[in-house]
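Enquirer: Please find one structure pasted underneath; my questions will follow.
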Number of protein chains: 2
Amino acid sequence: MHDDRFARLPAPPCYAVIFSSRRRGDASDGYAEAAARMDALVRAQPGFLGVESARDGEGFGITVAYFDSEDAIRAWRDHGDHAATRQRGRDEWYAGFAVRVAKVERAYGWERADA
Amino acid sequence: MHDDRFARLPAPPCYAVIFSSRRRGDASDGYAEAAARMDALVRAQPGFLGVESARDGEGFGITVAYFDSEDAIRAWRDHGDHAATRQRGRDEWYAGFAVRVAKVERAYGWERADA
């Protein structure tokens, strides 16, 4: 049975946007709703391939979104609702973040047979 | 003040190993000790640049380790203690994992000025 927390990607190459962030301790208004909206929106983007995300109890999180091209990443960056939400992130929700855009060159995975 | 959960990387290019994993609900013996040992070991590898990691309450986690070359990634993959610990991961700790190796082409970050 496939664990749907893992992205199912086609064979490389593809492109990854690695977004790491630290939430602020305060000012959580609207964050969960915005995160859910962005998750749905990114999945609807042309060229979207998959996304994986984890955030720990200290508010540090990593989200990796995969796309089939750099053009798809640029279009997602320039999407109006995404850009406005990023601005709210700086204004309200995050203490800091980092973005790295990378070309995936090889990949492999493993799932327990008896899981 | 720099948040040390974020890797401080030199300007691109560099290489990223994106490791996502799901812990099993049981069989946690030795996991925390092994994770701490691997964290110390990877930081000591030639060509290591930085690492970021988060695991959520459902046992899904993402670790991204950055290196200055593909040779450094291969040497880390082939390190004896790392290889043995990966095997323990398959035998005991993980329900599944995925590895993607990617070349970082651009990067930017932001930290709150008043944090």
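Enquirer: Based on the alpha-carbon gyration tensor of the range B:29-90 and its eigenvalue square roots a ≥ b ≥ c, which shape applies: rounded if a/c is under 1.5, prolate if not and a/b is larger than b/c, or oblate?
Expert: Taking the square roots of the gyration eigenvalues as a ≥ b ≥ c, the range B:29-90 is oblate.
Enquirer: With contacts defined as alpha carbon pairs under 8 Å and 6 or more residues apart, what's the relative contact order of chain A in percent?
Expert: Relative CO of chain A lands at 44 percent.
Enquirer: Classify the protein assembly as shown as rounded, prolate or oblate, taking a ≥ b ≥ c as the square roots of the eigenvalues of its Cα gyration tensor: rounded when a/c is under 1.5, otherwise prolate if a/b is larger than b/c and oblate if not.
Expert: Values: a/c = 1.39, a/b = 1.39, b/c = 1.00.
Rounded.
Enquirer: Across peptide B:88-100, what mean number of C-beta atoms from other chains lies inside 10 Å of a residue's C-beta?
Expert: On the way: counts 0, 1, 2, 1, 0, 0, 4, 7, 9, 6, 14, 5, 16.
Averaged over the peptide's residues, the number is 5.
Enquirer: With a ≥ b ≥ c taken as the square roots of the eigenvalues of the C-alpha gyration tensor of chain A, please select rounded if a/c is under 1.5 and otherwise prolate if a/b is larger than b/c or oblate if it is not? Working shown, then result.
Expert: Details: a/c = 1.99, a/b = 1.35, b/c = 1.47.
Here chain A falls in the oblate category.
Any read-out appearing in this document is the output of simple, stated calculations on the displayed coordinates, not a laboratory observation. Everything quoted here is computed from the prediction, not taken from an experiment. Because the Cβ atoms are built from the backbone with ideal geometry, glycine has one as well, and the counts that use them run over all protein chains shown.
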